[in-house]
Amino acid sequence: MTTHHLTVLGMTCGHCEKDVSRVVRSVDTDANIRIDRAANAVSIETNQAITAFIVAIVAEGYEATVNT
Ligand SMILES: [Cu+2]
């Protein structure tokens with residue numbers, strides 16, 4: 001598994017965190033997710049390509065970019 005570090009903007013409360021977690025799991029049920037809302041940081045450990053996660057998070061209304 002690879003851990004991808006994302007910056008996700010627009011998470012304003014705990015509901016948003018759950019929302020992002022749900023979306024990530026909808027892409028990969030086996031993904032491990034860590035969210036630090038104060039830092040706009042989302043880590044996703046997965047075997048899948050990160051692009052699908054970005055697309056899903058953005059479709060949910062958040063801004064998501066991969067940290068390089
Ligand atoms: Cu919220």
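The values are calculated or read from the model by the stated rules, or taken from the named source; none is laboratory data. None of the values given here were measured: they were computed from a predicted structure. Because the Cβ atoms are built from the backbone with ideal geometry, glycine has one as well, and the counts that use them run over all protein chains shown.
The table below gives the values:
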{"read-out": "Top-ranked residue of region 2-18 - restricted to ones that are outside any helix (DSSP H, G or I) and either on the phi > 0 side of the Ramachandran plot or near the ligand (Cβ under 6 Å from one of its atoms) (or both), ranked as nearest to the chain's Cα centre (by Cα)", "value": "Gly10"}
{"read-out": "Val27 vs. criteria of a type in the set (A, V, I, L, M) and in contact with a Phe, Trp or Tyr (Cβ under 9 Å, 6 or more places away or on another chain)", "value": "yes"}
{"read-out": "Unique residue being among the polar types (S, T, N, Q) and at pLDDT below 95 when the list is Thr12, Thr68, Thr3, Thr7", "value": "Thr68"}
{"read-out": "Filtered residues of region 29-49 (kept if of a type outside the set (A, V, I, L, M, F, W, C) and either buried (at least 18 other Cβ atoms within 10 Å of the Cβ) or touching a Pro at 6+ places or on another chain (Cβ under 8 Å) (or both))", "value": "Thr46"}
{"read-out": "Residue, farthest from Thr65 (Cα to Cα), within region 18-47, restricted to residues that are free of Cβ contacts under 8 Å to residues at least 24 places away in the same chain and touching a helix residue (DSSP H, G or I) at 6+ places or on another chain (Cβ under 9 Å)", "value": "Ala31"}
{"read-out": "Count of residues meeting criterion [assigned to a loop (DSSP other than H, G, I, E, B) and exposed (fewer than 12 other Cβ atoms within 10 Å of the Cβ)] in region 50-67", "value": "2"}
